[in-house]
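Note sheet for the following structure.
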Amino acid sequence: MNKITPQPGIMDIALYQGGKSHVEGVADVIKLSSNENPFGPSPKAIEAVRDSAAQLHRYPSTDHAELRAAIGEVHGLDPQRIICGVGSDEVLQFVVQAYAGVGDEVIHTEHGFSMYPILARMAGAVPVEVPERERMVDVDAILAACTDRTRVVFLTNPGNPTSIMIPGTEVARLADALPPQVILVLDGAYTEFVDGFDGGVSVVDGRSNVIMTRTFSKIYGLGGMRVGWGYAPQTIIDVLNRIRQPFNLSATALAAAEAAVRDRDYVDFCQAENARLRVWLADALAELGVPSDASCTNFILARFADRAEAEACDGYLQSQGLIVRRVAGYNLPNALRITVGDEQACARVVAAVKAFKGGAA
């Protein structure tokens, strides 16, 4: 009799669903479902990828020293307190793997990133969902949900898919009020879209229980390379490095990320264009009766009258070659998450929603 069984929690995992990228029978498709940079990566990153090709027979570095030094230089951080992973997802996985186990609890909020409960179950831990208030993280609700079994709290700031930020004072209050055995993880995938925001560095510094993560998949346009990083107290970094695979990042990915983080002019351009088009898209949709909260990211959460209207609009957008993201799985059935594309893409979205609204009236 076969007695091979997976670890507790594994079979409870619902597979992660990425953003759709194709519509059968429709040409000229614009993908606005994964919050990718419509302008692509920095030309300097592309050049670095090309240059790396001649060294594909060589193993990459095991300590990511050059990339960590570049990140530290650009952001004013100690490279020794930085860890790099296969996207920020892998860094998040390291935290749960290192600090949570069977029967422990991992807290995430109602509309938080859908990978959080998956990561908890991978470790045999129990994901605990905490309600938000009108799509805003409720610090007091998180604190009330903490028990002696809580080990990790995940907080996305700015939120995905809500696009909303909570104030730094509230984040600091949460960090200071958590039970002593709990690590606070600040997932800052959309940090660069907020002018002047440090992603949580000020909360990490001076505390022993906080780690912040960032990604190269969004504003840097390197989603296909899968590079992310985390910044934390040295004690946490030392733990996470013990479970990190030594060659988890390819030499090509490392070269691309280093070139991308150093090209500040390109990042500034992408941030400015996103900010301009984000406001235009949100205002234009609001005039059509599709409101959204003020976004701090590279997407807007467009809200409809109900789930039926949201799904009908999504269907119409797909027929017009526009792929956006349904977010019923994030407890937001009456909404669609729409990536801020380039000017042409934004104009096509508005025109399509206008046509849908006209047809629905």
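Worth a mention:
- Scanning residues 5 or more positions from ALA189 or on other chains, those with amide H under 5 Å from its amide H are ASN157, with H placed 1.01 Å from N in the peptide plane.
- Integer Hz, Karplus 6.51/-1.76/1.60 couplings in order for the stretch 227-232, x for Gly and Pro: 9, x, 8, x, 10, 7
- Distance histogram for the chain (every C-alpha pair counted, 20 angstrom bins, percent rounded to whole numbers): 29, 57, 13, 0
- Efficiency of FRET from Cβ geometry, ALA53 and GLU287, R₀ 41 Å, rounded to 0.05: 0.25
- Estimated vicinal HN-Hα couplings, Hz - the stretch 162-174 in sequence order (Karplus 6.51, -1.76, 1.60; Gly, Pro = x): 6, 6, 9, 9, 9, x, x, 5, 6, 5, 5, 4, 4
- Where labels lie 7 Å past Cα in the beta-carbon direction, separation of ARG149 and GLU66 in nm: 4.7 nm
- Förster-model FRET efficiency, 30 Å R0, GLN344 and ASP140, C-beta, rounded to 0.05: 0.10
- Backbone amide hydrogens, once placed in the peptide plane, bring ILE183 within less than 5 Å of VAL152, VAL153, excluding anything fewer than 5 places away on its chain.
- Full-extension gain in nm, ALA355 to ASN334, via 0.36 nm per residue minus C-alpha separation: 5.7 nm
- Three-way shape label, the stretch 67-167, alpha-carbon gyration tensor, a/c 1.5: oblate
- Dipole magnitude for the stretch 157-224: about 140 debye, using +1 per Lys or Arg Cβ and -1 per Asp or Glu Cβ, origin at the Cα centre.
- Restricting attention to the stretch 43-262, close to 35% of DSSP beta bridges with both partner residues there are antiparallel.
- Across the stretch 41-98, counting alpha-carbon atoms alone, Rg and Dmax equal 13.7, 37 Å.
- Ranked for footprinting exposure by Cβ neighbours inside 10 Å, fewest first, GLU287, GLU258 give GLU287, GLU258.
- Vicinal HN-Hα couplings computed from phi for the stretch 272-278 (Karplus, 6.51 cos²θ - 1.76 cosθ + 1.60; Hz; Gly/Pro x): 5, 5, 4, 4, 5, 6, 4
Every number in this text was worked out from the coordinates using simple rules, so none of it is lab data. Because the structure is a prediction, the values reported are computed rather than measured. Here Cβ is always computed from backbone atoms with ideal geometry, including for glycine, and neighbour counts include all displayed protein chains.
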